[in-house]
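Okay, so here's the structure we're looking at.
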Amino acid sequence: VVAQIFIVSALIIGKQMSFTIHKELGFNKDAVITTDIPYKLWNSENYNTKRKTLVEELRKISGIKHVSLGQKPMEDQVASTVFNHIIPGIKEPEMQRIFLKSVDTAYLKLYDLELIAGQNLLPSDTINSFVINESAVKTFGFQSPEDAIGKIIGQGNRRFPIMGVVKDFHISNFYTVIEPMALRSFMGNVNTINIKFDAGKSEQFPELIRQISDKWNQFFPKEEFNYKFYDESIADLYKKEQQLLKLTNISTALAIMISCLGVFGLATNIAYQRSKEIGIHKVLGPGISSIVNLLSKDFVKMVFIAILIAAPIVWWATNKWLQDFAYKIDVNWIPFTMGGTIGILAALLTVCYQAFKAAKTNPVDSLRDE
């Protein structure tokens with residue numbers, strides 16, 4: 001029963017992890033590296049000029065498709081604020097919580113964000129407009145993405161028009177639903193440079209990274225150039241789940257080994273107790289397969305009983321665990337079938353070894369005993 005619980009749980013956790021890592025995020029994370037300009041440089045002399053010039057220099061490197069200054073689309077910490085918009089005929093503006101990301105005009109193209117209405121942000125280092133997502137369209141009560149274009153949203157006297165609407169994409173992990181979000185062209189607090197390579201030319205990546213490092217050193221020579229591939233950063237958001245999967249896999253291997261040792265001990269004991277019965281079977285003529293079947297059928301029954309006991313426990317426990325995810329797999333019969341098959345095969349292989357050994361014993365030895 002314990003082995004079955006671990007086997008099926010490991011299969012379900014692995015399936016959820018695979019779903020989490022490979023689910024469509026709403027943006028393209030492949031062949032993208034990100035680098036953060038250290039906080040201590042923000043107040044350095046000519047920082048804004050250096051930052052902007054570095055981005056322009058990186059765009060000149062052959063082999064780099066896009067470079068954008070902007071916050072990562074999906075990260076573990078996201079900031080939200082309260083926006084309002086004026087509804088005709090209503091004096092009080094409607095207040096809505098919305099998440100903000102500061103980006104430049106290259107951001108949509110770099111991450112392949114789909115613009116479904118309107119247009120991109122206008123080039124600027126200060127806020128002059130917003131691009132919102134589909135969830136924000138629904139939150140503000142607009143009839144459609146097209147209806148949202150030109151509407152004014154913001155805070156107090158700092159309200160700006162909606163220039164465009166992008167298709168929803170994940171801005172946080174899968175524990176939360178996709179929130180209403182607005183992109184803005186405010187560069188004051190942005191220190192992340194996003195760099196897109198050609199995914200089909202991975203052999204060029206080391207040389208491109210070396211050239212990027214050289215450019216970095218021209219502007220920030222006192223700080224080492226550090227980068228990370230963005231798909232790895234997203235995987236890091238699920239370290240806890242990866243550790244749980246690793247621990248479950250180790251526990252599953254141990255549970256299978258221990259259960260096989262237990263079955264082996266039982267099979268050895270039963271073979272010894274039924275040595276005369278096995279000897280009579282051999283004398284009467286049935287082959288080795290009949291003797292293997294004689295010993296193994298009881299163990300197969302035990303595994304089936306274990307499956308019946310373990311199945312509801314696993315179903316309840318894994319569904320409880322999956323409740324924390326806003327986006328999750330459906331627990332179906334496949335992991336239980338696979339777990340049962342693994343359990344039966346493990347038991348059969350263990351019993352068959354002992355059964356073959358008993359079947360090859362000279363029946364005269366067992367019948368002559370006592």
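The values are calculated or read from the model by the stated rules, or taken from the named source; none is laboratory data. Values in this document were obtained by computation on a predicted structure and should not be read as measured data. For the accessible areas, the whole protein counts, side chains as well, though only heavy atoms, and no ligand, DNA or RNA atoms are used. Shrake-Rupley method; radii C 1.70, N 1.55, O 1.52, S 1.80 Å.
Nearest 10 degrees is fine. How inclined is helix 288-322 to the longest principal axis of the chain, computing both from alpha carbons? Once rounded, one gets 30 degrees. Near the amide H of I153, within less than 5 Å, lie the amide hydrogens of F160, I162, all on another chain or at least 5 residues away, with H placed in the peptide plane. Adding -39500 (n - 2.57) for every DSSP H run of four residues or longer, then dividing by how many residues the chain holds, sets the calculated 222 nm ellipticity at -16000 deg cm²/dmol.
Computed 3J(HN,Hα) for the range 152-157, one whole-Hz value per residue from the Karplus formula 6.51 cos²θ - 1.76 cosθ + 1.60 where θ = phi - 60°, is 9, 10, x, 10, x, 8, glycine and proline marked x. Of the solvent-accessible surface of the range 43-190, computed with a 1.4 Å probe over protein heavy atoms with every protein chain present, carbon and sulfur atoms account for 49 percent. Computed from backbone phi, the HN-Hα couplings of the range 238-250 come to 10, 4, 4, 5, 5, 5, 4, 5, 4, 5, 5, 5, 5 Hz, rounded to whole numbers (Karplus: 6.51 cos²θ - 1.76 cosθ + 1.60, θ = phi - 60°; Gly and Pro given as x).
The amide H of A182, built 1.01 Å from its N in the peptide plane, has F99, L100, K101 as neighbours under 5 Å, considering only residues 5 or more places off or on other chains. Can you tell me, using C-alpha contacts under 8 Å and at least 6 residues apart, the relative contact order of the chain as a whole percent? The normalised contact order for the chain reaches 26 percent. Cross-linked pairs K72/K101; K60/K222; K72/K109; K29/K138: Cα-Cα separations exceed 18 Å for K60/K222; K29/K138. If you sort K138, K328, K29 by accessible surface, 1.4 Å probe, largest first, the order is K138, K328, K29. Ordered by solvent-accessible area of protein heavy atoms (1.4 Å probe), largest first, the residues W321, W216, W333 come out as W333, W321, W216. Counting protein heavy atoms only, the range 301-345 has 73 percent of its accessible area on carbon and sulfur, 1.4 angstrom probe. In the complete set of protein chains, residue-level accessible area for I234 is approximately 10 Å², probe 1.4 angstrom. A 1.4 Å probe, protein heavy atoms only, puts the accessible area of K50 near 70 Å². Going through the cross-link list K50/K240; K40/K228; K52/K167; K167/K239; K215/K239; K23/K320, which pairs have a Cα-Cα distance over 26 Å in this structure? Going by Cα-Cα distance, K50/K240; K52/K167; K167/K239; K215/K239 fall outside the 26 Å limit. For K328, the aspartates and glutamates whose Cα falls under 14 Å of its own Cα, not counting residues fewer than eight places away in the same chain, are E24, E241.
Ordered by solvent-accessible area of protein heavy atoms (1.4 Å probe), largest first, the residues D125, D231 come out as D125, D231. Per residue, the chain exposes an accessible area of 53 Å² to a 1.4 Å probe, with every protein chain left in place.
H85 sits with roughly 10 Å² accessible to a 1.4 Å probe, with DNA, RNA and ligands left out of the calculation. Scaled against 2.2 N^0.38 Å for its residue count N, the alpha carbon radius of gyration of the chain is 1.51.
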